[in-house]
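Enquirer: Pasting a structure here, questions to come.
The values are calculated or read from the model by the stated rules, or taken from the named source; none is laboratory data. Bear in mind the structure is a predicted one, so any value in this text is a computation, not a measurement. Glycine also receives a Cβ, built like all others from the backbone with ideal geometry; neighbour counts cover every protein chain displayed. Note: accessible area is taken over every heavy atom of the protein model, side chains too, but ligands, DNA and RNA are not part of it. Shrake-Rupley method; radii C 1.70, N 1.55, O 1.52, S 1.80 Å.
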Amino acid sequence: MYQPPLYYFIAASTLSFCKLSIDDPGSVFVLRALGATFGIAQCVLVFLSLRLLLPARTALAGLLLAAFLPMHLYLIHYVTNELLTATLATLTVYLCLRLLRNETTRAGQFVWAGLALGATMLTKATGILLLPIVIAAICARRIQTRAPFAIWLRSVGLLIATCLAVCGWYYARIWLKF
């Protein structure tokens, strides 16, 4: 029970939707297809993130590099929560980059980034490493744009509150249990 439950919930729901149990031979294929879906989604998110930072041709080269990294190709074939964690972390980075690129930000953007970050942390505990990076990037952008402190505090607070609403229950449960 020390592993965060999101991947296992998605995997069990997918098997249930396909009317398969873990003992069925087809369940391995379904779970591998789920991993491949996460791997493809991560490649798309890497490309979208690179498009925010680089010209189209360079972003395409970055996509090819990311898609053919040996570790990425290796993990796609296994039933593991690592790919979902990587995909959700890449989604968090993409949403953070979109936040940083916009001159005017809306509260919904911070909510979406908080949801992605919370889902990352609900998939694997190492997702917490993104939290200080995202907060530091948003703080640096607020300092650069000289936004009022109240707006900065509201933005970061909304992101953290959303993140805690998604995954806080799990970590509170683990804290209380152990």
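Enquirer: Given the options Gly26, Gly35, name the one that is outside any loop (DSSP other than H, G, I, E, B), of a type in the set (Gly, Ala, Ser) and over 19 Å from Leu84 (Cα atoms).
Expert: Only one candidate qualifies: Gly26.
Enquirer: Turning to a different aspect of this structure: With the condition kept exactly as written, say whether any residue in the stretch 99-112 is among the hydroxyl-bearing types (Ser, Thr, Tyr) and part of a helix (DSSP H, G or I).
Expert: So far as the stretch 99-112 goes, no, none of its residues is among the hydroxyl-bearing types (Ser, Thr, Tyr) and part of a helix (DSSP H, G or I).
Enquirer: Of the residues Leu75, Leu91, Leu95, Leu99, which is at pLDDT below 85, hydrophobic (A, V, I, L, M, F, W, C) and within 23 Å of Val44 (Cβ to Cβ)?
Expert: Leu75
Enquirer: Assess whether Val93 counts as being closer than 20 Å to Ala12 by Cβ, of a type outside the set (D, E, K, R), open to solvent by 30 Å² or more (accessible area, probe 1.4 Å) and in contact with a helix residue (DSSP H, G or I) (Cβ under 9 Å, 6 or more places away or on another chain).
Expert: Considered against the rule, which asks whether it is closer than 20 Å to Ala12 by Cβ, of a type outside the set (D, E, K, R), open to solvent by 30 Å² or more (accessible area, probe 1.4 Å) and in contact with a helix residue (DSSP H, G or I) (Cβ under 9 Å, 6 or more places away or on another chain), Val93 comes out as no.
Enquirer: So is Ile76 of a type outside the set (S, T, N, Q), under 19 Å from Tyr7 (Cα atoms), open to solvent by 30 Å² or more (accessible area, probe 1.4 Å) and in contact with a Gly (Cβ under 6 Å, 6 or more places away or on another chain) or not?
Expert: Spelling it out, Ile76 is indeed of a type outside the set (S, T, N, Q), under 19 Å from Tyr7 (Cα atoms), open to solvent by 30 Å² or more (accessible area, probe 1.4 Å) and in contact with a Gly (Cβ under 6 Å, 6 or more places away or on another chain).
Enquirer: Consider only pairs whose beta carbons are under 9 Å apart and that are at least six residues apart or on different chains; among these, list those whose first residue lies in the stretch 124-140 and is farther than 16 Å from Gly114 by Cβ and whose second residue is β-branched (Val, Ile, Thr) and open to solvent by less than 30 Å² (accessible area, probe 1.4 Å).
Expert: From residues that are farther than 16 Å from Gly114 by Cβ, the pairs are Lys124/Thr85; Thr126/Thr85; Thr126/Thr120.
Enquirer: May I pose another question? So, in the stretch 103-132, how many residues would count as being loosely packed, with under 14 Cβ neighbours inside 10 Å and within 24 Å of Ala86 (Cα to Cα)?
Expert: 4
Enquirer: Moving to a separate point now. Can you tell me which residue is modelled with the lowest pLDDT among those in the stretch 136-160 that are open to solvent by less than 40 Å² (accessible area, probe 1.4 Å) and assigned to a helix (DSSP H, G or I)? Talk me through it step by step, then tell me what you get.
Expert: Taking the stretch 136-160 first, the residues open to solvent by less than 40 Å² (accessible area, probe 1.4 Å) are 137-139, 142, 147, 155-157, 159.
Narrowing further to those that are assigned to a helix (DSSP H, G or I): 137-139, 142, 155-157, 159.
Numbers: Ala137: 91, Ile138: 87, Cys139: 86, Arg142: 82, Ser155: 87, Val156: 89, Gly157: 92, Leu159: 93.
The qualifying residue modelled with the lowest pLDDT is Arg142.
Enquirer: In the stretch 31-72, what residues are farther than 21 Å from Val93 by Cα, surrounded by fewer than 17 Cβ atoms within 10 Å (Cβ to Cβ) and aliphatic (A, V, I, L, M)? Explain how you work it out, then say what you get.
Expert: Here is the first cut: in the stretch 31-72, the residues farther than 21 Å from Val93 by Cα are 31-34, 70.
Still in the list and also surrounded by fewer than 17 Cβ atoms within 10 Å (Cβ to Cβ): 32-33, 70.
Of everything in the stretch 31-72, just one residue is farther than 21 Å from Val93 by Cα, surrounded by fewer than 17 Cβ atoms within 10 Å (Cβ to Cβ) and aliphatic (A, V, I, L, M), namely Ala33.
Enquirer: When Ser27 is evaluated against the numbered criteria (1) surrounded by fewer than 17 Cβ atoms within 10 Å (Cβ to Cβ); (2) without any contact (Cβ under 8 Å) to a residue 24 or more places away in the chain; (3) of a type outside the set (A, V, I, L, M, F, W, C), which criterion, by number, is the only one it fails?
Expert: (1)
Enquirer: What number goes with the only condition from (1) open to solvent by 20 Å² or more (accessible area, probe 1.4 Å); (2) in contact with a helix residue (DSSP H, G or I) (Cβ under 8 Å, 6 or more places away or on another chain); (3) touching a residue at least 24 places away in the same chain (Cβ under 8 Å) that Ile174 does not pass?
Expert: (2)
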